[in-house]
Structure formats: C-alpha cells, structure tokens
Amino acid sequence: MNIRPASSDDCAALTAIDAAGNPSPWSERQFLEAVENPADTVYVCERGGEICGFAVWREICGESELHLIAAAPACRRQGIASKLLAYWFQTTSSQGVSRLLLEVRAGNAAAIGLYRKYGFIETGRRKNYYPLPEGGYEDAILMEKPC
C-alpha cells in the first residue's frame, strides 16, 4: 500500500468511496475544495494503483481535526483506516500538533472501536447532530487524543 497526497484527479474516486459508506457524503466539489485548500490535508491510500481509502484533516492552532476517513467497500477490514490514522499521527506529530480531534456517529461502532484502539477518548456529545437516512437523528461523539 502506498499513501500519497490527493490530487484533483482523485476527487471522483473519493466521492464514490465516501458515498458507499457515509450517510451524509461529501460532494465531488467538496473534495476538490479540500484538495485545493492549503488549510486542508487530503491523502489517499492506493493498492495496485487503485485508491482504496482516504483521509481528510485540518490543522489549526496546534490541533488537528480529522474530517473524514474511509475505505472502499471491497477494502474494508484490511488495515487501510489504521494505516491512514498512523500516517495522520506521524504527520501531525512532526508539525508540533498537541491534540488530535474527531467526531463520529454514535452508531458507527466499528469506527469508535478503531479510534479507542488508537488512544482516543470520548470528550463529549452533540445530541441529534447527524440526520439518519430513515428519518430522525443520531448523536455525534467527540473524541480526542493528546499527542
């Protein structure tokens, strides 16, 4: 597997991967804006020349917040998210970041377990934050990891 910065040519693939698993996916335009915005960092994970996952984060005032991380459906549970998280940790620690932040849907048990495995702790909740496809809302869990 290879991790590299995303380019504008990758945005269609990122959109497709995000739409396959995110009930509120980003549009191709949102990915393009993130790729082109110097405040955002977008990396892709490739295997065999195909994009199998991605991560998007932003650093502000000594903190880094993970906006999105996803693996293609055929590539899930193969360590891609772990590899991308490790890359995020490595990149931000070399830049003096003191805290890593993220939020996750309360119903996403797999992601919550992964984040806990890597030392993230729950620091709060946003009640009824994410809309559900079938109607209603679910909480956002706020998580943090000191560096």
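Some observations on this one:
- Residue within segment 44-56 that is touching a Pro at 6+ places or on another chain (Cβ under 9 Å) and over 24 Å from Ala140 (Cα atoms) present: yes
- Some residue of segment 100-113 being small (Gly, Ala, Ser) and farther than 19 Å from Asn22 by Cβ: no
- Listed by first and then second residue, the pairs linking a residue in segment 22-36 that is closer than 18 Å to Ala72 by Cβ and in contact (Cβ under 8 Å) with a residue 24 or more places away in the chain to a residue that is among the hydrophobic types (A, V, I, L, M, F, W, C) and surrounded by fewer than 13 Cβ atoms within 10 Å (Cβ to Cβ), with Cβ atoms under 7 Å apart and 6 or more places separating them unless they lie on different chains, form an empty list.
So that you can scan it fast, the table gives a plain yes or no per residue for (1) of a type in the set (Ser, Thr, Tyr); (2) under 17 Å from Leu101 (Cβ atoms):
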site	(1), (2)
Ala6	no, no
Thr15	yes, no
Ala19	no, no
Asn22	no, no
Val35	no, no
Pro38	no, no
Tyr43	yes, no
Arg58	no, yes
Glu65	no, yes
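- Pairs meeting the criteria (first residue in segment 85-97 and within 11 Å of Glu59 (Cα to Cα) and modelled with pLDDT under 95, second residue assigned to a loop (DSSP other than H, G, I, E, B) and aliphatic (A, V, I, L, M), beta carbons under 9 Å, at least 6 apart or on different chains) are Thr91/Val97.
- On the stretch given as segment 85-141, residues that are under 14 Å from the mean Cα position of the chain (by Cα) and basic (Lys, Arg) total 1.
- Looking across segment 5-64 at every residue that is polar (S, T, N, Q) and in contact with a helix residue (DSSP H, G or I) (Cβ under 9 Å, 6 or more places away or on another chain), the one that is farthest from Glu144 (Cα to Cα) is identified as Ser8.
- Screening Thr41 against (1) farther than 20 Å from Asp18 by Cβ; (2) surrounded by 19 or more Cβ atoms within 10 Å (Cβ to Cβ); (3) modelled with pLDDT of 95 or more; (4) hydroxyl-bearing (Ser, Thr, Tyr) leaves a single unmet condition, (1).
- Residue that is surrounded by the most Cβ atoms within 10 Å (Cβ to Cβ), among those in segment 112-131 that are within 19 Å of Arg77 (Cα to Cα) and basic (Lys, Arg): Arg116
The values are calculated or read from the model by the stated rules, or taken from the named source; none is laboratory data. From a predicted model like this one, the values you see are computed outputs, not experimental measurements. Reconstructed Cβ throughout: ideal geometry from the backbone, glycine too, with neighbour counts over all protein chains shown.
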